[in-house]
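A.B. asks: Provided herewith is a single structure, encoded as structure tokens, for subsequent inquiry.
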């Protein structure tokens, strides 16, 4: 399970903001981007996301997508929920780092609670 694997990774590696972590499962590769500042205490919640962390994550993600020969990418409104960033600041960073890739990139920029996103090619 992804959450168990991530917990193990985090306990072993102590990831820093700006890093990414990849997980294979369910016929897909999932990349977790560490956009938020780390929790300062054991049971504390992570801090806010920063555009610098998002920038570093996207830089690492671009390189990893090329290395892994990924055929397509779906990405949500990165760092705008619990991370607290404004989409108008994050969207240009995604464009800057990922637009040059020669793969389809699906950015799910609109969120509706309890409504499933319409997947590309599905009507």
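A.B. asks: Of the residues that sit in region 74-123 and are in contact with a helix residue (DSSP H, G or I) (Cβ under 7 Å, 6 or more places away or on another chain) and assigned to a helix (DSSP H, G or I), which one is farthest from residue 30 (Cα to Cα)?
C.D. replies: Step by step, filter region 74-123, then rank; the result is 89.
A.B. asks: Could you list, in sequence order, all residues of region 19-54 that are within 18 Å of residue 76 (Cβ to Cβ), out of contact with any strand residue (DSSP E or B) (no Cβ under 6 Å at 6 or more places or on another chain), touching a residue at least 24 places away in the same chain (Cβ under 8 Å) and assigned to a loop (DSSP other than H, G, I, E, B)?
C.D. replies: 48, 50
A.B. asks: Hey, another quick one. Might you let me know whether region 26-39 holds any residue that is surrounded by 15 or more Cβ atoms within 10 Å (Cβ to Cβ) and at pLDDT below 90?
C.D. replies: So far as region 26-39 goes, yes, one or more of its residues are surrounded by 15 or more Cβ atoms within 10 Å (Cβ to Cβ) and at pLDDT below 90.
A.B. asks: What are the residues in region 69-98 that are loosely packed, with under 11 Cβ neighbours inside 10 Å and either in contact (Cβ under 8 Å) with a residue 24 or more places away in the chain or in contact with a strand residue (DSSP E or B) (Cβ under 8 Å, 6 or more places away or on another chain) (or both), if any?
C.D. replies: Selection gives 71 alone.
A.B. asks: Look at region 99-110 and say how many of its residues are surrounded by 12 or more Cβ atoms within 10 Å (Cβ to Cβ) and farther than 24 Å from residue 52 by Cα.
C.D. replies: Residues that pass the stated criteria total 1.
A.B. asks: What number of residues within region 40-51 are surrounded by 15 or more Cβ atoms within 10 Å (Cβ to Cβ), more than 14 Å from the chain's Cα centre (by Cα) and modelled with pLDDT of 90 or more?
C.D. replies: Adding up the residues that qualify gives 0.
A.B. asks: Tally the residues that are at pLDDT 90 or above and touching a strand residue (DSSP E or B) at 6+ places or on another chain (Cβ under 6 Å), restricting the search to region 108-123.
C.D. replies: Adding up the residues that qualify gives 0.
A.B. asks: Moving to a separate point now. For region 62-72, state whether one or more residues are farther than 22 Å from residue 11 by Cα, touching a helix residue (DSSP H, G or I) at 6+ places or on another chain (Cβ under 7 Å) and assigned to a loop (DSSP other than H, G, I, E, B).
C.D. replies: no
The values are calculated or read from the model by the stated rules, or taken from the named source; none is laboratory data. These figures come from a predicted structure and were not determined experimentally. Every residue, glycine among them, receives a Cβ derived from its backbone with ideal geometry; neighbour counts consider all protein chains shown.
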